[in-house]
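See structure below.
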Amino acid sequence: MRTRILIALVTCSLAAGASEIPEDRGVSGLKQVLDRLDVVASVLHTGAHPDDENSSLLSWLARGEGARTAYLSTTRGEGGQNLIGTELFEALGVIRSEELLGARRLDRGQQFFTPNFEFGFSKTADETLEKWGKEALVGDFVRVIRRFRPEVIVSRFTGTPSDGHGHHQAAGIATMEAFDAAGDPNLYPEYGPPWQAKKLYMSARGGGRGGRGGRGGGATGDVRINVGEYAVALGRSYHEIAMEGRSLHRTQSMGAAREIGPRYTSLDLVRQTVDGPDDASIFAGTTHRLTDLAEIEPALRADLDALQADIDAIRSKTTLSEPSAILSDLIETIRKFRAIRDKARVDHVRFLLDTKESDFYLAAELAAGIDVQVRASDDTVVPGQEFELTIVAVNNGPFDFGTVRTNTDFPDGWEAEYLGSSGSMSSGDRFEQTFTVRVGAETDFTQPYWLQEPREGDRFVWPDREQASMPFDPPLMATQVEIDYDGVAIQIDRDARYRYVDDVYGEQWSFVKAVPGLSVRLTPETAVVPISSDGKKEFTVELHNQVPEGGTVEVRLNAPEGWSVTPATRSVEFRRPGETASIQFVADVPAVEGEFDITATAVMGGHTYEEGYRVIAYPHIETRHVYSPTHSRVKVFPLETHVENVGYIEGAGDLVAESLRQLGIPVTFLTSDDLARGDLSVYDTIVVGIRAYGVRDDLAAYNQRLLDYVADGGTVVVQYNQYAMPGGDFGPYPFSISRPHDRVTVEEAPITFVDPNHPALNTPNRITEDDFDGWVQERGLYFMGDWDERYTPILASNDPGEEPKLGGMMVAEIGQGRYVYTGYAFFRQLPAGVAGAYRLFSNLISLGN
């Protein structure tokens with residue numbers, strides 16, 4: 001059982017702290033909650049990835065119509081690229097989950113997921129459904145539908161090839177089948193009682209990807225919605241606030257303009273279980289308002305009508321200058337609402353009333369002018385640590401409040417000691433209540449729930465608990481504050497958070513996370529050792545201490561039999577929490593081809609630590625910790641290289657430079673000054689990072705210096721770039737990238753050597769078909785579509801049923817040097833330790849050397 005601390009005081013406490021979204025505060029927030037106080041409508045929107053959602057539609061539904069609204073994303077976007085950092089795969093999925101949450105805070109929708117891993121771009125629904133399993137995928141959608149109980153479902157995709165991406169098609173197929181399956185008691189009984197939505201809509205053609213909508217006339221469909229409608233309470237349109245949220249998808253370069261004026265999105269009705277014309281309002285025939293509950297439970301009709309009359313009267317009475325004048329009326333509506341809820345006997349009526357209850361309390365909170373915060377004195381706590389928890393409530397309104405109760409849900413094994421309170425909840429006063437909290441010795445660490453177990457194929461293994469389908473586990477120490485007024489307890493929920501001040505960003509808040517006393521990480525996670533090298537491989541053990549009193553740490557590497565490690569052990573002294581240390585070891589790796597494991601162990605204070613966490617932190621998301629054991633895969637294989645140093649022009653974020661350093665090649669990141677006036681001739685080869693032409697204005701400005709460097713005998717290797725590159729005429733000779741771009745998504749797709757005698761395939765490593773075994777996620781993307789005859793194709797590959805694509809690896813000679821453009825996904829293969837990719841990339845950077 002979790003520990004719950006309940007304190008009752010006659011002084012005060014209540015309220016909810018200021019929302020993170022300015023539009024939800026004060027009279028603006030009060031108007032919005034009053035507008036939706038009688039609304040029980042519900043809409044579930046479905047898609048495949050973060051950024052597939054029609055953001056403007058969600059905003060119009062949740063903020064404009066007051067409907068309970070949610071977006072179900074089939075994946076967390078793990079297979080995409082990262083514009084802001086080097087995180088890929090699962091770590092990228094954590095960031096994109098947070099980005100979706102940020103967008104939902106702005107459009108006021110909820111967020112759901114399924115356990116499916118985005119394995120990369122897929123061209124067909126068949127491939128996607130084979131990897132995810134069609135029955136399992138439909139069940140994933142059924143689970144969310146039965147949990148959320150939407151009256152209306154809106155599918156972003158049609159389930160046909162016109163959707164493009166195979167994931168899009170699969171999401172459309174699953175939505176349509178789940179619409180019926182969720183209502184069938186014989187299907188998926190493990191996901192709860194059946195629920196039949198009343199309407200299924202689909203995004204109409206021309207409605208605008210991502211909800212940007214169309215100006216003026218916009219798309220045509222059965223239902224046409226002006227998402228650009230101006231909202232008085234917001235001071236802007238629903239589309240504008242949605243585009244602010246959409247711009248939080250920063251890993252995906254989804255920055256959007258907040259256009260003012262009419263913007264339209266359209267929906268086609270594809271199925272309904274109620275009578276009515278296709279062009280009827282989206283909520284026609286559904287359970288829309290509180291009074292509609294009488295159609296389900298007629299005995300409540302008189303009470304619901306009376307409650308509706310009270311809500312209408314409160315709306316008419318509310319003024320901007322004196323919002324507190326409606327508090328007594330709101331208290332009376334809460335009293336009536338509770339009586340109706342207690343009287344209700346039909347399960348679904350009780351469900352809807354339970355979901356609506358918090359709006360009544362929020363209205364009272366905002367009208368009363370009460371602000372509440374729950375503050376922890378630390379954001380990363382360890383087993384056995386003590387910290388303070390303070391509940392702060394300020395009464396900004398004209399009323400005096402009396403009894404205050406607080407109820408905090410502590411994790412199992414945590415102990416809290418009440419230290420006392422100060423102040424009061426009289427008008428204009430501040431109340432504080434403080435606890436000392438001791439973290440349990442066996443506490444669970446805070447981490448993304450879907451990453452706690454190894455993934456099975458392309459589906460995550462979820463724990464069997466209520467949190468499944470949600471973005472993350474609930475924050476630690478959820479707290480409910482109750483304040484009594486006129487015999488009614490107003491309830492306000494807050495999560496404990498740590499507040500700090502950043503010198504650049506100002507006041508910042510972070511959820512409290514339980515972490516081990518010592519985090520131990522071993523890098524590189526995938527180590528590469530060429531057989532031709534001296535066999536000496538450096539490993540770094542990164543230690544991060546959170547034990548308040550510190551201590552001495554003894555660290556060692558555990559290597560395979562026959563290996564030697566220098567030194568055998570190393571020690572480090574920590575004196576305070578937050579300290580870090582990096583300890584180097586050198587392993588002598590035998591020249592034996594194969595894959596081997598090496599681990600690290602750290603001992604401090606009698607405890608042995610063999611796992612650590614990676615901190616994922618960006619200004620626009622909540623900081624998260626991704627755990628992994630202290631393990632490195634060591635791959636030993638034959639490889640030669642003819643370069644002694646490389647200049648690297650960093651792009652949108654990749655780990656290729658670090659991968660080259662694993663080969664013992666010195667790599668220098670080139671700055672703007674280097675590109676403008678540095679001596680480029682000192683580098684054997686210059687490598688351009690992925691999407692660099694899209695994010696580096698300096699590269700575009702000084703591109704001619706790169707071409708001059710090649711003409712003078714240098715080698716430039718340009719990794720995949722998007723349409724900005726050919727559009728800027730940055731290559732030595734003309735070329736284009738087709739729209740949509742040519743790509744090979746099947747990582748096992750056969751490879752043809754177009755020019756088998758070319759040095760790129762022979763020097764210094766002889767490339768064979770075996771070198772294309774074990775590739776991950778894809779062969780490549782953004783291949784050249786058309787090109788000048790002076791480019792020489794080296795390889796060809798294609799997905800099943802398609803013509804060979806030759807534009808993935810092109811070499812051109814300029815003067816004394818060579819220019820390479822490659823769309824093959826080395827940025828994925830090299831960090832994964834794919835031996836053949838290393839050998840081939842070594843040949844590319846060795847051209848001319």
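Starting from the residue with the highest accessible area, list 735, 179, 669 in decreasing order, probe 1.4 Å.
Working: 735 25, 179 5, 669 70 Å².
If we order 735, 179, 669 from most to least accessible, we get 669, 735, 179.
Where a ≥ b ≥ c are the square roots of the eigenvalues of the C-alpha gyration tensor, would you call region 618-669 rounded, which needs a/c under 1.5, or, failing that, prolate if a/b is larger than b/c, or oblate?
Numbers: a/c = 4.08, a/b = 1.43, b/c = 2.85.
Judged from the Cα gyration tensor, region 618-669 comes out oblate (a/c at least 1.5, b/c at or above a/b).
Determine the per residue accessible area of the chain with all protein chains present and a 1.4 angstrom probe, expressed in square angstrom. Please list the in-between numbers first.
Numbers: 32970 Å² over 849 residues.
Using a 1.4 Å probe on heavy atoms only, each residue of the chain averages 39 Å².
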Report task. Using just the alpha carbons, could you tell me how many Å³ per residue the convex hull of region 434-516 encloses? Result -> 205
Query raised in the report: How about residue 805: which lysines have a C-alpha closer than 26 Å to its C-alpha, ignoring those fewer than 8 places off in the same chain?
Result: 123, 131
Query raised in the report: Regarding region 635-729, what whole-number volume in Å³ per residue does the convex hull of its Cα atoms give?
Result: 103
Query raised in the report: Ignoring any ligand, DNA or RNA, what whole percent of the accessible area of region 342-389 comes from carbon and sulfur when the probe is 1.4 angstrom?
Result: 43
Report summary line: Correct semi-axes for region 359-465, from √(5λ) of the alpha-carbon gyration tensor and rounded to whole Å with the largest first, are 36, 20, 10
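Relative to the present Cα-Cα distance, how much length would full extension add between residue 500 and residue 729 at 0.36 nm per residue of separation?
Numbers: separation 229, 0.36 × 229 = 82.44 nm, distance 4.75 nm.
Gain on extension, residue 500 to residue 729, equals 77.7 nm.
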Report summary line: FRET efficiency for residue 597 and residue 681 from the Cβ-Cβ distance with R0 = 30 Å, rounded to 0.05, comes out at 0.10
Query raised in the report: Where does the chain land at 222 nm, in deg cm²/dmol rounded to the nearest 500, when only DSSP H runs of n ≥ 4 count, each adding -39500 (n - 2.57), divided by all residues?
Result: -6500 deg cm²/dmol
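Assuming R0 = 30 Å, what is the FRET efficiency of residue 561 and residue 671, from their Cβ-Cβ distance, to the nearest 0.05? Each step should come with its number before you reach the end.
On the way: r = 46 Å, r/R0 = 1.52.
Calculated value: 0.05.
Ranked by accessible surface with a 1.4 Å probe, highest first, in what order do 845, 260 come?
On the way: 845 0, 260 130 Å².
Ranked from most to least accessible, the order is 260, 845.
Using the alpha carbons of region 711-849, what is the convex hull volume per residue in cubic angstrom, as a whole number?
101
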Requested in this report: Determine, at each q value in 0.10, 0.11, 0.22 (inverse angstroms), the log₁₀ of I(q)/I(0) that the Debye formula gives when each Cα of region 396-536 is one equal point scatterer.
Outcome: -0.59, -0.69, -1.44
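Against the 2.2 N^0.38 Å scaling, with N counting residues, where does region 50-112 land? I'd like the Cα-based Rg ratio to two decimal places. Write out the running numbers ahead of the final one.
Numbers: Rg = 12.6 Å, N = 63, 2.2 N^0.38 = 10.6 Å.
Compared with the compact-globule rule of thumb, region 50-112 sits at 1.18.
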Report summary line: The Cα extents of region 746-823 along the principal axes, largest first and rounded to whole Å, are 38, 29, 18
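Please give the direction-averaged projected area of the C-alpha convex hull for region 667-723, in square nanometres with one decimal.
Numbers: hull surface 15.0 nm².
Mean projected area for region 667-723: 3.7 nm², to one decimal.
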Requested in this report: Using only Cα atoms, locate the centre of region 33-54 and the centre of region 307-347, then give the distance between them in Å, rounded to an integer.
Outcome: 24
Requested in this report: Ratio to report: Rg/Rh of the chain, with Cα atoms as the point set and Rh obtained by the Kirkwood method; give two decimals.
Outcome: 1.00
Query - List 705, 521, ordered by accessible area with a 1.4 Å probe, largest first - result: 705, 521
Requested in this report: Would you kindly state how much longer the chain becomes between residue 259 and residue 575 on full extension, computed as 0.36 nm times their sequence separation minus their alpha carbon distance, in nm to one decimal?
Outcome: 108.4 nm
Query raised in the report: Average projected area of the Cα convex hull of region 308-417, in nm²?
Result: 10.3
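Semi-axes, largest first, in whole Å: what does sqrt of 5 times each Cα gyration tensor eigenvalue give for region 648-688?
Values: eigenvalues 67, 35, 8 Å².
Equivalent ellipsoid semi-axes, largest first: 18, 13, 6 Å.
Averaged across orientations, what area in nm² does the convex hull of the alpha carbons in region 686-780 project?
Details: hull surface 29.8 nm².
Computing the convex hull of the Cα atoms and averaging its projections yields 7.5 nm².
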Report task. Measure out, as a whole number of angstrom, how far apart the alpha-carbon centroids of region 470-522 and region 583-654 sit. Result -> 32
Query raised in the report: Relative to a virtual label point 7 Å from the Cα of residue 426 in the Cα→beta-carbon direction, which members of region 468-491 show backbone nitrogen distances below 20 Å?
Result: 483-486
Report task. Could you tell me what percent of the accessible area of region 40-133 is made up of carbon and sulfur, with a 1.4 Å probe and every protein chain present? Result -> 48
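Considering only protein heavy atoms and a probe of 1.4 Å, how much of the accessible area of region 232-297 is carbon and sulfur, as a whole percent? Before the final figure, lay out each step's value.
On the way: 1240 of 2770 Å².
That fraction is 45 percent.
Can you tell me the dipole magnitude for the chain around its Cα centre, using point charges on the Cβ only (Lys, Arg +1; Asp, Glu -1), in Debye to the nearest 20? Before the final figure, lay out the partial values.
On the way: 81 positive and 126 negative charges, 281 e Å.
The calculation lands at about 1340 debye.
Nearest-5 percent of antiparallel DSSP beta bridges in the chain? Could the numbers behind the result be given before it?
Numbers: 131 of 174 bridges.
Roughly 75 percent of the DSSP beta bridges within the chain come out antiparallel.
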Query raised in the report: Shape of region 539-662 from its Cα gyration tensor (a ≥ b ≥ c, root eigenvalues): rounded if a/c is under 1.5, otherwise prolate when a/b > b/c, or oblate?
Result: oblate
Report summary line: Given Cβ charges of +1 for Lys and Arg and -1 for Asp and Glu, the option among 154, 467, 613 whose Cα lies farthest towards the positive end of the dipole of the chain is 154
Query raised in the report: Using +1 on the beta carbon of Lys and Arg, -1 on that of Asp and Glu, and nothing else charged, what's the dipole of region 578-655 about the Cα centre, debye to 20?
Result: 260
Query - Computed over region 243-383, the ratio Rg/Rh where both radii use C-alpha atoms and Rh is Kirkwood - result: 1.08
Query raised in the report: Roughly what would the spin-label model give for residue 316 and residue 452, points 7 Å off Cα along C-beta, in nm?
Result: 5.3
Query raised in the report: To the nearest 10 Å², what's residue 415's accessible area with a 1.4 Å probe?
Result: 120
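Report the extension gain between residue 336 and residue 753 in nm, rounded to one decimal, defined as 0.36 nm multiplied by the number of residues separating them, less their alpha carbon distance.
On the way: separation 417, 0.36 × 417 = 150.12 nm, distance 7.73 nm.
Stretched fully, the residue 336-residue 753 segment lengthens by 142.4 nm.
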Requested in this report: Report, in debye and to the nearest 20, how large the dipole of region 635-780 comes out about its Cα centre when Lys and Arg carry +1 and Asp and Glu carry -1 on their Cβ.
Outcome: 260
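The values are calculated or read from the model by the stated rules, or taken from the named source; none is laboratory data. These figures come from a predicted structure and were not determined experimentally. Counting neighbours? That spans all protein chains shown, and the Cβs are built from the backbone with ideal geometry, glycine included. Only protein heavy atoms, including side chains, enter the accessible area calculation; ligands, DNA and RNA are left aside. Shrake-Rupley method; radii C 1.70, N 1.55, O 1.52, S 1.80 Å.
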